[in-house]
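Here's the structure, in structure tokens; my notes come after.
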Amino acid sequence: MIPKSSYPSDQKILRVVSINVNGLRSSVSKGLLEWLEKSEADVVCMQESRITHVQWTDKFKPEGWHTHLFPAEKPGYAGTAIYSRLPFISVKDGLGFELADSQGRFISAEFDVGLDQPVHICSLYLPSGSSGEEAQARKDIFLEQYKLILKQWRDENRSVIVCGDYNIVHKRIDIKNWSGNQKSSGCLPHERAWLDHIYDDLGYVDTFREVRKEAELYSWWSNRGQARAKNVGWRIDYHACSPDWKSRTCNAWVYRDEWYSDHAPVIIDYTL
């Protein structure tokens, strides 16, 4: 990750970060907020916040940041948050269907970044199906319902950056153990085909791959078997953007110098 000062002085940069914090209280205790202060991030999309509004006290809302939390109805579970240096024009919780909204899995924040239209920067926490057939069935229902919304946004020509933990790898390059996970949730053929659909058919852009083509750039590692130390990972955290952001993508990183969760922050710089 390079400092913004390394860009030409006349180039305005929007730095957007996505991170599954695996519990906001835990990640803050590991130094997340201190990292945010030095990250030069403009907008940070968090998933799996696992904190209620009552627990979300001022210690979790650093000075100088606009903050918004959408918790799950069930305490200690799921939830999303957005922290921003930029003021919100508006913020909307949810996608309009129960599976997403009861678990706090989506926030859309609207920003004026000086372009022809506002941009909606969103934090998405897509369900995991790894706990069994019922969980996978719920995930598949979510994918089908969310796909219709993604199409609607393209029909409306909405400018969007949907950051989040999608709980799906896309291609062989995005997972260390491709062959051994073909029957594992998150690497199932129909899940990867869903990503094909949103990128190839609906026209969304995996902006990370616009500038980072190399292998072994993962964003999540199991806590078992020294997966992190051996870099046996999965790239399941994405910025899926409307096409207007494709040419604006100028740099991307997975930040691994410090650890706040079992996921690493995915940082992308966009030119304005």
message: assigned to a helix (DSSP H, G or I), buried (at least 17 other Cβ atoms within 10 Å of the Cβ), modelled with pLDDT of 95 or more and touching a Phe, Trp or Tyr at 6+ places or on another chain (Cβ under 6 Å): which single residue out of 109, 100 fits that description?
response: 100
query: Out of the residues in the stretch 2-38 that are within 19 Å of the chain's Cα centre (by Cα) and on the phi > 0 side of the Ramachandran plot, which is surrounded by the fewest Cβ atoms within 10 Å (Cβ to Cβ)?
result: 23
- request: List every residue pair whose Cβ atoms lie under 7 Å apart, where the two residues are 6 or more positions apart in sequence or sit on different chains, the first residue falls within the stretch 210-232 and is among the small types (Gly, Ala, Ser), and the second residue, located anywhere, is modelled with pLDDT of 95 or more and not in a strand (DSSP E or B).
  value: 215/173; 219/235; 219/236; 219/264
query: Restricting attention to the stretch 77-86, and to residues there that are of a type in the set (Ser, Thr, Tyr) and crowded, with 17+ Cβ neighbours inside 10 Å, which single residue is farthest from the chain's Cα centre (by Cα)?
result: 84
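Per-residue answers, yes or no, for (1) free of Cβ contacts under 8 Å to residues at least 60 places away in the same chain; (2) under 24 Å from residue 82 (Cβ atoms):
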{"residue": "169", "(1), (2)": "no, no"}
{"residue": "172", "(1), (2)": "yes, no"}
{"residue": "176", "(1), (2)": "yes, no"}
{"residue": "184", "(1), (2)": "yes, no"}
{"residue": "187", "(1), (2)": "yes, no"}
{"residue": "190", "(1), (2)": "yes, no"}
{"residue": "193", "(1), (2)": "yes, no"}
{"residue": "196", "(1), (2)": "yes, no"}
{"residue": "202", "(1), (2)": "yes, yes"}
The stretch 1-37, residues that are of a type in the set (Ser, Thr, Tyr) and under 19 Å from residue 247 (Cα atoms): 7
statement: Apart from one, (1) in contact (Cβ under 8 Å) with a residue 60 or more places away in the chain; (2) at positive phi; (3) touching a strand residue (DSSP E or B) at 6+ places or on another chain (Cβ under 8 Å) all hold for residue 236; the odd one out is (2)
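Would you mind finding the one in 247, 261 that is without any contact (Cβ under 8 Å) to a residue 24 or more places away in the chain and either assigned to a helix (DSSP H, G or I) or of a type in the set (Ser, Thr, Tyr) (or both)? Explain how you work it out, then say what you get.
Details: 261 fails: without any contact (Cβ under 8 Å) to a residue 24 or more places away in the chain.
Criteria check complete, one pass: 247.
The rows are residues; the columns are (1) surrounded by 22 or more Cβ atoms within 10 Å (Cβ to Cβ); (2) more than 17 Å from the chain's Cα centre (by Cα); (3) touching a residue at least 60 places away in the same chain (Cβ under 8 Å).
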{"residue": "40", "(1), (2), (3)": "no, yes, no"}
{"residue": "56", "(1), (2), (3)": "no, yes, no"}
{"residue": "70", "(1), (2), (3)": "yes, no, no"}
{"residue": "75", "(1), (2), (3)": "no, yes, no"}
{"residue": "88", "(1), (2), (3)": "no, yes, no"}
{"residue": "124", "(1), (2), (3)": "yes, no, yes"}
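The values are calculated or read from the model by the stated rules, or taken from the named source; none is laboratory data. From a predicted model like this one, the values you see are computed outputs, not experimental measurements. Glycine gets a Cβ as well: all are built from the backbone with ideal geometry, and neighbour counts include every protein chain shown.
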